[in-house]
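**Q** First the structure, which I've put down as structure tokens, then a few questions once you've had a look.
Every number here is computed from the coordinates shown, using simple stated rules; none is lab data. These figures come from a predicted structure and were not determined experimentally. We place every Cβ from the backbone using ideal geometry, glycine too, and count neighbours over all the protein chains shown.
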Amino acid sequence: MKIRPSLHKDSQLLMKLNNLIWNAENTPHPHKWESLAAYEERCPPGSQYVAVIDESVAGFISYRSPIPLDSNRHVWELVIGVHPDFQGQKVGSTLLRFVEKEAKKQGIHKLCLRVLTTNLSAIHFYERNGYREQGRLVDEFFLDGKYVDDLMMYRILN
């Protein structure tokens with residue numbers, strides 16, 4: 001498995017992967033990308049890291065500052081996705097470790113992410129990888145006829 005910055009040649013596969021994995025069980029706003037131009041405008045090449053196995057994009061991870069203030073620049077918020085065909089093969093864990101190393105190099109102190117409480121497999125995955133609950137927005141979303149909590153998780157880097 002190779003981890004590298006995303007390239008223009010990855011965009012079509014990344015767009016398809018996003019369309020495949022995001023649904024009402026794991027995101028409050030399932031968005032289906034319809035054009036490569038729109039996808040690349042929102043997720044330009046180089047804005048995320050990809051895990052590549054045998055020339056296939058197995059997953060991606062991106063980060064951003066959740067609040068654009070100097071006092072919050074020590075925090076990165078993560079978004080991660082793994083193709084179903086590659087789940088259970090350490091792709092997600094490898095992507096997390098990669099970004100954790102990058103964050104340490106850049107002086108980042110804390111990584112955080114958000115996950116819907118309906119996405120139990122993701123919650124367990126994050127917990128296994130050292131992430132802990134830091135807050136819960138109760139009944140934050142109304143999805144498929146039910147209220148869903150938005151779980152905020154974090155990991156402090158030492």
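**Q** For the chain, what is the charge dipole size about the Cα centre, in debye to the nearest 20, if Lys and Arg each add +1 at the Cβ and Asp and Glu each add -1 at the Cβ?
**A** With only Lys, Arg, Asp and Glu charged at Cβ, the dipole is about 660 debye.
**Q** Okay, moving on. Average the reciprocal distances over every distinct pair of alpha-carbons in the stretch 100-152, invert the result, and give the Kirkwood radius in Å.
**A** 12.4 Å
**Q** Which loop-located GluC sites (Glu not before Pro) does the stretch 1-85 contain, where loop means any DSSP state but H, G, I, E or B and the Cβ has at most 15 other Cβ atoms within 10 Å?
**A** Of the GluC sites (Glu not before Pro), the ones in loops of the stretch 1-85 whose Cβ has at most 15 other Cβ atoms within 10 Å are Glu25, Glu34, Glu55.
**Q** Could I ask something else about it? Answer with one residue from Pro28, Met15, Ser47: the one whose Cα lies farthest towards the positive end of the charge dipole of the stretch 12-67, charges on Cβ with Lys, Arg +1 and Asp, Glu -1.
**A** Pro28
**Q** Report the longest stretch of the chain that contains none of the trypsin sites (Lys or Arg not before Pro) sitting in a DSSP loop with at most 15 other Cβ atoms within 10 Å.
**A** 91-158
**Q** Efficiency by 1/(1 + (r/R0)^6): what FRET value for Leu137 and Arg73, r their Cβ-Cβ distance, R0 = 41 Å, to the nearest 0.05?
**A** Working from the Cβ atoms, E equals 0.95.
**Q** Once you have the Kirkwood Rh of the chain from its Cα pairs, apply Stokes-Einstein at 37 °C and 0.692 mPa s and quote D in µm²/s.
**A** Answer, rounded: 201 µm²/s.
**Q** Pulled fully out, how much extra length does the chain show between Phe98 and Glu34, if you take 0.36 nm times their separation in residues and subtract their Cα-Cα distance?
**A** Additional length available on full extension: 20.0 nm.
**Q** How much mean residue ellipticity at 222 nm does the chain get from its helices, if each DSSP H run of length 4 or more adds -39500 (n - 2.57) and you divide by all residues, to the nearest 500 deg cm²/dmol?
**A** Here the helix-only value at 222 nm equals -8000 deg cm²/dmol.
**Q** Treating only the Cα positions of the stretch 39-127 as identical point scatterers, give the base-10 log of I(q)/I(0) from the Debye formula at each q in 0.13, 0.15, 0.23, 0.25 Å⁻¹.
**A** The Cα Debye sum returns log10 ratios of -0.47, -0.63, -1.30, -1.39.
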